[in-house]
Amino acid sequence: MPVISEKGLKMPESPIRKLVPYAEDAKKRGINVFHLNIGQPDIKTPQVALDAVKNNNLEILEYSRSEGSEEYRTKLTKYYAGRDINVNPKEIIITTGGSEALMFTMGSITDTDDEIIIPEPFYANYNGFATASGVKVVPVVSKIDNNFALPPIEDFEKLITPKTKAILICNPGNPTGYMYSKEEIKKLASIVKKHDLFLIADEVYREFAYDGAEHYSILQEEGLEDNAIVIDSVSKRYSMCGARIGCLITRNKEVITTALKFAQARLSPPSYALIASEAALDTPQSYFDEVIEEYVERRDLLISELNKIEGVTVAKPQGAFYCIAKLPVKNTDDFAQWLLEKFDLNGETVMVAPAAGFYSTPGIGYDQIRIAYVLKKENLVKAVAILKEALKQYNA
């Protein structure tokens with residue numbers, strides 16, 4: 001029989017999606033499942049984006065440029081300028097989601113067995129992208145006890161080897177919701193310049209900053225022209241996850257030239273999605289103001305309800321729309337599956353994302369889950385009540 005590759009065998013399952021078959025089975029049994037597991041906002045996509053697709057008069061769906069249309073990239077630079085990020089269209093490559101931007105980045109800056117340092121817990125697919133690229137993830141642990149703040153710089157320096165090519169952060173963070181401060185970004189900037197590394201920042205949740213906090217992009221930091229690479233996406237900003245449009249941004253000309261070769265190899269980003277994404281840039285600020293207000297209310301309600309459950313510890317997010325909760329169970333993989341297979345409360349249950357998949361250090365995170373607060377407030381209250389009762393029965 002033909003043999004599967006070692007790379008394929010090592011490819012990790014998604015902690016977010018691997019429980020989907022159990023959720024589907026539960027639904028077939030008539031169980032209502034509250035999805036706390038995935039960052040799919042229930043916020044309406046801006047009408048201007050939907051109308052741009054609906055009302056276009058294209059007669060041929062042609063290839064777009066590999067780097068994305070000049071019109072869209074030019075319009076993007078105006079969006080970034082409004083956030084004190086000054087780039088030009090030649091410093092942007094449009095990708096099929098932020099995921100492809102990360103793949104292009106790893107392909108452009110790493111060789112097989114090179115290393116990237118990532119504060120954990122981190123977006124689970126970083127493990128997958130690294131495996132696909134033959135890259136070794138070197139974790140530096142951040143802890144729920146201090147709200148997943150940036151670990152001491154000394155912890156990073158201890159891990160740097162001749163194989164280290166980059167430090168990768170998500171800001172604000174998925175799955176923690178942690179927002180790196182300007183001072184923390186400056187510390188990271190100092191270390192990558194000192195050791196001649198890349199600093200990659202996944203900034204797809206830039207708009208989602210709470211409690212007066214302001215997002216500080218690595219592209220705002222002077223002196224990082226050769227080091228900084230930003231990953232961005234329309235998915236969360238405009239509730240357009242299905243559009244699959246993202247971008248890679250860097251002032252490093254060699255990185256752009258190299259990444260463009262990867263973009264050419266996959267031909268082009270999808271045309272209709274480009275049309276929608278370009279139109280979405282006309283979304284008024286009032287849209288974001290309302291969305292932020294809604295997420296703050298959801299966050300505060302969720303944290304308040306979780307804190308009422310004995311034995312549960314939860315970190316308070318400063319951005320994005322996720323939080324990590326520590327539960328009084330030994331293995332949340334088993335608990336999450338049990339919730340879908342064997343438990344319901346009046347015909348309802350919840351689906352959560354076990355947090356071990358957001359770590360690469362073996363044995364860490366098995367008592368934690370990630371919760372995405374992308375449900376309406378009344379459903380969040382119901383979901384936490386179900387979780388509370390489930391913990392009682394599971395631990396009985």
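The values are calculated or read from the model by the stated rules, or taken from the named source; none is laboratory data. Fair warning: this is a prediction, and the values are worked out from it, not measured in the lab. Cβ coordinates were reconstructed from backbone atoms using ideal geometry, including for glycine residues, and neighbour counts include every protein chain displayed. Side chains are part of the model used for accessible areas, which takes the heavy atoms of the whole protein and leaves out ligands, DNA and RNA. Shrake-Rupley method; radii C 1.70, N 1.55, O 1.52, S 1.80 Å.
Would you work out which of I309, I292, F321 lies farthest towards the positive end of the dipole of segment 281-344, given +1 charges on the beta-carbon of Lys and Arg and -1 on that of Asp and Glu, about the Cα centre? Of the candidates, I309 comes out farthest on the positive side.
Based on a Kirkwood Rh over C-alpha pairs, give the Stokes-Einstein translational diffusion coefficient of segment 301-383 at 25 °C and viscosity 0.890 mPa s in µm²/s. List each step's numbers first, then the result.
Numbers: Rh = 13.4 Å.
In µm²/s, the coefficient is 182.
Under the simplified labelling scheme, the E59-I4 pair shows an inter-label distance of 4.9 nm, with each label point 7 Å from Cα along Cα→Cβ. Take every Cα pair under 8 Å in segment 55-194 that's 6+ residues apart, average their separations, divide by the length, and report that relative contact order as a whole percent. Dividing the mean separation by the residue count of segment 55-194 yields 20 percent.
On a per residue basis, segment 259-396 carries 42 Å² of accessible surface, using protein heavy atoms and a 1.4 Å probe. Bridgeable aspartates and glutamates around K54 (alpha carbons under 15 Å apart, same-chain partners fewer than 8 residues away excluded): E278.
Taking 0.36 nm per residue of separation and subtracting the current Cα-Cα distance, fully stretching the chain between K253 and L159 would add 31.1 nm. Projecting label points 7 angstrom from Cα along Cα→Cβ for E293 and T74 puts them 3.6 nm apart.
Evaluate E = 1/(1 + (r/R0)^6) for N86 and Q337, where r is the Cβ-Cβ distance and R0 equals 56 Å; express this FRET efficiency to the nearest 0.05.
Numbers: r = 48 Å, r/R0 = 0.86.
Between N86 and Q337 the formula returns 0.70.
Most simply put, the chain has about 50% antiparallel DSSP beta bridges, counting only bridges with both residues inside it.
How far, in degrees from 0 to 90, does helix 285-306 lean away from the longest principal axis of the Cα atoms of the chain, to the nearest 10? So the inclination is approximately 30 degrees. Legend: calculated FRET efficiency, Q285 to K143, from the Cβ-Cβ distance at R0 = 56 Å, rounded to 0.05, equals 0.95. Only alpha carbons enter this Debye calculation for segment 1-145, each as an equal point scatterer, and the log10 of I(q)/I(0) it gives at q = 0.12 Å⁻¹ is -0.88.
Over the residues of the chain, the helix contribution to mean residue ellipticity at 222 nm works out to -11500 deg cm²/dmol, using -39500 (n - 2.57) for each DSSP H run of at least 4.
Taking 0.36 nm per residue of separation and subtracting the Cα-Cα distance, full extension of the segment from N395 to R29 would add 129.3 nm.
Grab the alpha carbons of segment 200-353, take their convex hull, and tell me the volume per residue in Å³.
Numbers: hull volume 30.5 nm³, N = 154.
Taking the convex hull of the Cα positions in segment 200-353, it is 198 Å³ per residue.
What percent do you get for the relative contact order of segment 125-195 when only Cα pairs under 8 Å and 6+ apart count?
On the way: 33 pairs, mean separation 17.8, N = 71.
Relative contact order for segment 125-195 comes out at 25 percent.
Could you state the angle between the C-alpha long axis of helix 97-109 and the longest principal axis of the C-alpha atoms of the chain, as a value from 0 to 90 degrees rounded to the nearest 10? That works out to roughly 60 degrees.
Between the helical axis of 70-81 and the dominant principal axis of the chain, each derived from Cα atoms, what acute angle in degrees is found, rounded to the nearest 10? Helix 70-81 and the main axis of the chain meet at about 70 degrees. Here segment 24-138 is assigned +1 on the Cβ of each Lys and Arg and -1 on the Cβ of each Asp and Glu. Its dipole about the Cα centre then comes out at about 540 debye.
Let me test this: with uniform point scatterers at the alpha carbons of segment 159-246, what is the Debye-based log₁₀ I(q)/I(0) at q = 0.16, 0.25 1/Å? Result of the Debye calculation: -0.66, -1.26.
Net length available on complete extension from K330 to I43 is 99.9 nm, with 0.36 nm assigned per residue and the Cα-Cα distance removed.
For the set K187/K330; K158/K261; K75/K376; K10/K163, the pairs lying more than 24 angstrom apart at their alpha carbons are K187/K330; K158/K261; K75/K376. In this structure segment 31-184 gives 43 Å² per residue of accessible area when probed at 1.4 Å with all protein chains present. Only protein atoms count toward the accessible area here, which uses a 1.4 Å probe; on the chain, the carbon and sulfur part of that area reaches 50 percent.
In a simple Cβ point-charge model (Lys, Arg +1; Asp, Glu -1; nothing else charged), segment 117-210 has a dipole of about 300 debye relative to its Cα centre. With the convex hull drawn over the C-alpha atoms of the chain, the volume per residue is 165 Å³. Of all lysines in the structure, those lying under 25 Å Cα to Cα from K377, and not within fewer than 8 positions of it along the same chain, are K27, K44, K236, K308, K316, K326, K388, K392. For segment 178-212, the residues whose backbone nitrogen is under 15 Å from a point 7 Å from the Cα of D300, taken along Cα to Cβ, are 210-212.
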